[in-house]
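Since the structure comes first, as structure tokens, the remarks are kept for the end.
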Amino acid sequence: MPRVTSVDIESANETVADRILRSQPVLVGVAPAADVIPGMQPNLILHAGPPIDWPRMSGPLRGAVIGGLIFEGLAADEHSAVAMVEAGAVAFAPCHHYQTVGPMAGVTTASMPVYVIENRAYGNRAFSNLNEGYGKVLRYGAYGEDVLTRLRWLRDVFAPSAHRALEHLGGLDMKNMIAQQIQMGDEGHNRNRAGSAMFARVLAPHLAHIASGEPLASVLAYLAENDLAILNPVMAACKATMDAAAGVEGSTVVTCMARNGTDFGIRVSGLGERWFTAPAEVPVGLFFPGFSQADANPDIGDSTITETAGIGAFAMAAAPAIVKFVGGSPAMALESTLEMYEITVTENPAYGIPQLDFRGTPTGIDVRKVIKTGITPRVNTGIAHHQPGIGQVGAGLVRPPLACFEQALEAFAERYLP
Amino acid sequence: MTGESRLIVRSIIKPSAYFDSVTLMLMQRDVRSLPGVAEAGVVMGTAANKELLRDAGLMTAEIDVSRSDDLILSVAAETEEAATHALARAEELLLRRPPPASGSAYRPKTIASAVRQLPGANVALISVPGRFAAGVAREALDAQLHVMLFSDNVSLEDERALKAIAAGRGLLLMGPDCGTAIVSGAGLGFANRVRPGTIGVVGAAGTGMQVVTSLIHRAGAGISQALGTGSRDLSGTIGGTSALSALSVLAADPATDVIVLISKPPDPQVGALLLAAAQRTEKPAVVVFVGATVPAGGGLHPAATLDEAARAAVRLATGTEPVLAEPRALPAQEAARLAPTQRYIRGLYGGGTLCYEALVLLARYVGPVHSNTPLTPSAALPSATRSMFHTVLDMGADELMVGRLHPMIDSDLRIQRLLREADDPETAVLLLDVVLGYAANPDPSRDLAPAIEEARHRAAAGGRWLPVVVTLCGTDDDPQNFQAQTDTLAEAGAIVETAHSDAVRLAGLIAEATGSHGAPYRAGSIAPAADAALSDASQIAASLLAGAPRVINVGLGLFEESLRAQGVEVLSVDWQPPAGGKQKYIDLLNKLDA
């Protein structure tokens, strides 16, 4: 077939694949968002997913926004927070527009501490807020006093300690970390237990140098109890990797997938900063006692950056402990990963899957392959209650709407076909 | 049918579910055979299919509003219970998946990942619907696979482009519309089980290749390779690209001593090139251009019929005259038993090449024969559904197959027609073919023998003796059991011939005895071109003929099963139409090189 596009898609995608594989994300520190995120403003609230305005926000995101405003001291309570938003005094933007990612609601405000990732191969940075642990947490839309207390502890105790420990350590190579996770039963999205344990092990001796007594004990307890501690640095590492691959003229590779609880949005390397959105699906999964599918909010969070970068559900074969999400057997987990090779442009040799003879994880979703095969990317995800403040009700699987990819393909054709 | 008005019609619509039509038709056959079921339809909801359902009394309100990408299950049954049961059974059949091949349970969705899963894969067997076939073939060529493209309805433009890609990559493209091949002992598509040997075949005619390879086996010799080219390869537009490649492969193949070239009359210039290339192989080449003549000499051994080609090849390969079965009936005796109204031959063929050869061979006994695929336009039947004078039909032609499986798999339509011809007092002799082998009907005589018996009974009830002459193409090693098929057909009163020309001669002589007369048909003569080069096919030969093929199957599950039965490594792609069949996105993907 004669090539009719004005660019060479294959070589553009090779460039993108090369940038993904060569990226070297390193966790270098923890700092207040306002200090490190370029353009961060006191009244700016960053949120997960594609752009959305207040009236269309789902319960968990609204709750997190309210909590964020109270945390910042901009509002005293829910009523004044809502009034402030409705008066137009609050600016909203996707985390993704600020080199940032956040799980679930993803709400990030100016004084919140963020992990700082440096992509040493390309010089770009990415950020992610800190994981609060389980139960009633801001990322699921809770904003009670206990939630705010925990956020303040993260800001005042954990963040400075972790920052100094990381400085002392000289930075944590996240590529190496993820590679080890994959070999230890994590897929980096729904399961981060091995990675979080390693995170604690790596930081502990350095923490001991810079802290002691109750503060040290509380930091170590946080690391010991939170199986998701490493999720946020992993997400930021994926973000730093995919940002380096963004903006390559003529590439059909997806560089961002994210959800705000209402819409699912994707961005494509060769199509700049444009979002292609469609209504988010409700994840299907397993529920905590007392909850059911009827409680589930539509898909939410930036954590799909993991799948975008080739881990998470794409590395499902590596995580036998959570195969219940994909039907119960390791063989089904294997199939989940094998299916993703059908829609990706490369394999990441840094992330070898033991169960597949150390074959690299499927990496770099090609919009064309998604449309051609009808196979949409698999996503592992936590499931939020649709009412703010209740928290996580389960975990499971979801796929982005095919419509996002259809729009992207049409836009690509408009842009590149004569 | 009696009591038709009391039938209960029930349907189920499965939205956006794609299945290939052969799978659906096999399912339809199974559902139709359930107790209490009068008729069943399992089809996609296209306008044409809805029309078929309406005609079959299978229409319901929900079918009327279904969409073309919806799957329709519909049954007409004697009772509500039978209808419910049949629909439940149909749903069950839909969900049935072939057991995974050994090793991984994953069913690859694309050729690229199938190749990864079946290391050493070297051939893709593609039988997806025509409008998607070229795209799938391109993917296979991109994955450096030789391709047997069974699908038809591929545009000439695509055929030419695909063949150019194949040539550029050192690959052989057999097809489109290639039904038969034997590669290093493995029968691909419709093929008979034949012994390995020294005779290599290149054919643009599927059943022609089956007839010749089966007869070679029956005569005690064997086949090295049988490479198909597709029905249009020897047209002026395509120029014989695949046939020339295949000839070069046989020239390079040390296992091949004798070559057989099989085709309907090719484009004269292409035929001339092909003959010259055959001479360049420096191996003796038997040529049968059914209907067209070829001068002998320079290594070329022309044959007038498929049978003669098989005999000539065996003679060249073994140095001895092959012993083949003698004709089994005496035409004069048969003719003497006919009633005065019985004057015409009625032929109902499943094999396209055999039908063509029958038209050619019958001309000398009865003159031009009417057909839906006539030798000359003046012999075209006004309607394929009604025979007139001498008529020989290709029952596998599109207009007779709408919504049905090929007669080589499903005999229903042919049996209906057989009974109609038997009721016609002008029918003097019935001429049928039965082709055995892999992927063909697993027991054709089971359906056909009772029908032949009934046909002869009906004629007898009208005071007529009705000779039924059957050409049985196959070998003792075919899965259907050749001898059992012969016996069953003979017990039903058929005269069974293994050589097609014997069967046709018998019918022709019977018709001649009842007053018909004709003259030999001549489609002209083709001589080798003065200069032709034989391309270097060592690359193709090395990758295609190195041991038993390892096959990626895309399309009919039937072909996977038959390859597995032969012990051939095969992996099927869990194929779905690109972009769910949405043309808008298919067009975009084509432009974006995907």
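A short reminder: the numbers here are calculations on the coordinates, not readings from a lab. Every value quoted in this text rests on a predicted model; they were computed, and no experiment measured them. In this analysis, Cβ positions are derived from the backbone assuming ideal geometry, glycine residues included, and neighbour counts consider all displayed protein chains.
Using a simple charge model, +1 on the beta-carbon of Lys and Arg, -1 on the beta-carbon of Asp and Glu, nothing else, what dipole does chain A show about its Cα centre, in debye to the nearest 20? It comes to approximately 340 debye. Counting only DSSP beta bridges whose two residues both lie in the protein assembly as shown, roughly 50 percent are antiparallel. A Gaussian network model of chain A, with springs between Cα atoms under 10 Å, assigns the largest mean-square fluctuation among A:ILE210, A:ILE117, A:ILE322 to A:ILE210. Dipole magnitude for the stretch A:1-116: computed about the Cα centre from +1 point charges on Lys and Arg Cβ and -1 point charges on Asp and Glu Cβ, it is near 160 debye.
In this structure, A:ASP35 and B:ASP593 have a Cβ-Cβ separation that, at R0 = 35 Å, corresponds to a calculated FRET efficiency of about 0.15.
Between A:LEU151, B:THR320, A:PRO388, whose Cα lies farthest towards the positive end of the dipole of the protein assembly as shown when Lys and Arg beta carbons carry +1 and Asp and Glu beta carbons carry -1, centred on the Cα centre? Going by the charge dipole, the pick is B:THR320.
A crude spin-label estimate for the pair A:PHE358 and A:ASN43, with each label 7 Å from Cα along the Cβ direction, gives 5.6 nm. With a cut-off of 19 Å, note down the residues of the stretch A:254-290 whose backbone N falls inside the zone around a label point 7 Å from the Cα of A:ARG56 toward its beta carbon. Residues A:256-268, A:273-283 fall inside that zone. Here r is the Cβ-Cβ distance between B:GLU491 and B:ASP142 and R0 is 45 Å; the resulting FRET efficiency, rounded to 0.05, is 0.30.
In this rough spin-label picture, where each label sits 7 Å from Cα along the Cβ direction, the A:PHE288-A:SER11 distance is 5.3 nm. Using the Cα gyration tensor of the stretch A:141-206, with a ≥ b ≥ c the square roots of its eigenvalues, what is the shape: rounded (a/c below 1.5), prolate (a/b larger than b/c) or oblate (neither)? Oblate, because a/c is 1.5 or more while a/b does not exceed b/c. Based on C-alpha pairs under 8 angstrom that are at least 6 apart in sequence, the stretch B:355-431 has a relative contact order of 20 percent.
Give the shape of the stretch B:346-495 as rounded, prolate or oblate, defined through the alpha-carbon gyration tensor: a ≥ b ≥ c are the square roots of its eigenvalues, a/c under 1.5 means rounded, and otherwise the shape is prolate if a/b is larger than b/c and oblate if not. The shape class here is oblate. Ordering A:ILE178, B:SER242, B:ALA428 by Cα displacement along the dipole of the protein assembly as shown toward the positive end leaves B:SER242 in first place; charges were set at the Cβ atoms of Lys, Arg (+1) and Asp, Glu (-1). Against the longest alpha carbon principal axis of chain A, how many degrees, from 0 to 90 and to the nearest 10, is the axis of helix A:330-341 turned? Rounded to the nearest ten degrees, it is 60.
Calculated [222 nm] ellipticity per residue, helices only, for chain B: -11500 deg cm²/dmol; basis is -39500 (n - 2.57) per DSSP H run with n ≥ 4, divided by all residues, nearest 500.
Under the rule a/c < 1.5 gives rounded, and otherwise a/b versus b/c splits prolate from oblate, where does chain B land using the Cα gyration tensor?
Values: a/c = 1.74, a/b = 1.03, b/c = 1.68.
Verdict is oblate for chain B.
Comparing A:GLY68, A:GLY310, A:GLY133 in a Gaussian network model of chain A where C-alpha atoms under 10 Å apart are linked, the largest mean-square fluctuation is found at A:GLY133. Picking from A:ALA294, A:ILE343, A:ALA278, whose Cα lies most toward the positive end of the charge dipole for the stretch A:277-364 (charges on Cβ: Lys, Arg +1; Asp, Glu -1)? So the residue furthest toward the plus end is A:ALA294.
Where Lys and Arg each count +1 and Asp and Glu each count -1, what net charge lies around A:LEU172 among other residues with Cβ under 14 Å from its Cβ? Can you show the working numbers first?
Working: positive: A:ARG120, A:ARG164, A:LYS175, A:ARG201; negative: A:GLU118, A:GLU167, A:ASP173.
That works out to +1.
Relative to the longest principal axis of the Cα atoms of chain A, the long axis of helix A:231-244 lies at roughly 40 degrees.
The slack between B:ARG386 and B:VAL65, meaning 0.36 nm per residue of separation minus the straight C-alpha distance, is 112.1 nm. With both residues required to sit in chain B, DSSP beta bridges show an antiparallel share near 30%.
To the nearest whole number, what is the average tally of beta carbon atoms from other chains within 10 Å of the beta carbons of peptide A:371-384? It would help to have the intermediate numbers written out before the result.
Details: counts 10, 14, 9, 11, 3, 0, 0, 0, 0, 0, 0, 0, 0, 0.
Mean number of neighbouring Cβ atoms from other chains: 3.
Angle of helix A:213-225 to the longest C-alpha principal axis of chain A, folded into 0 to 90 degrees and rounded to 10: 30°. With θ taken as phi - 60° and the Karplus curve 6.51 cos²θ - 1.76 cosθ + 1.60 applied, the whole-hertz 3J(HN,Hα) list for the stretch A:173-178 is 6, 6, 5, 4, 4, 5 Hz, x standing for glycine and proline.
Under a point-charge model restricted to the Cβ atoms of Lys and Arg (+1) and Asp and Glu (-1), what is the dipole moment magnitude of chain B relative to its Cα centre, in debye to the nearest 20? Present the calculation step by step, with values, prior to reporting the outcome.
Working: 49 positive and 63 negative charges, 105 e Å.
Magnitude of the dipole: close to 500 debye.
Quick check on my link table: of A:LYS369/B:LYS163; B:LYS14/B:LYS582; A:LYS175/B:LYS109, which ones sit more than 27 Å apart, alpha carbon to alpha carbon? Spell out each step's value before the answer.
Numbers: A:LYS369/B:LYS163 25 Å; B:LYS14/B:LYS582 18 Å; A:LYS175/B:LYS109 30 Å.
Result: A:LYS175/B:LYS109 exceed 27 Å.
In this simple spin-label approximation, A:ALA221 and B:ARG328 carry label points 7 Å from Cα along the Cα→Cβ vector, and these lie 9.4 nm apart. When you count the other C-beta atoms within 10 angstrom of each residue and take the mean per peptide, B:436-443, B:317-324 line up highest first as B:436-443, B:317-324. Considering only chain A, what is the antiparallel percent among its DSSP beta bridges, to the nearest 5? Beta bridges within chain A, antiparallel portion: roughly 90 percent. At what distance in angstrom do the alpha carbon centres of the stretch B:464-519 and the stretch B:269-294 lie from each other? If we compute the Cα centre of each part, the gap is 30 Å. When both the stretch A:76-155 and the stretch B:111-158 are represented by their alpha-carbon centers, they are found 51 Å apart. When only alpha carbons of the protein assembly as shown are considered, Rg and Dmax amount to 35.3, 118 Å. Amide H contacts of A:VAL282: A:ASP299, each under 5 Å away and 5 or more positions distant or on a separate chain (H built 1.01 Å from N in the peptide plane; Pro and chain starts excluded). If you plug the beta carbon distance of A:GLU414 and B:LEU34 into 1/(1 + (r/R0)^6) with R0 = 41 Å, you get a FRET efficiency near 0.20.
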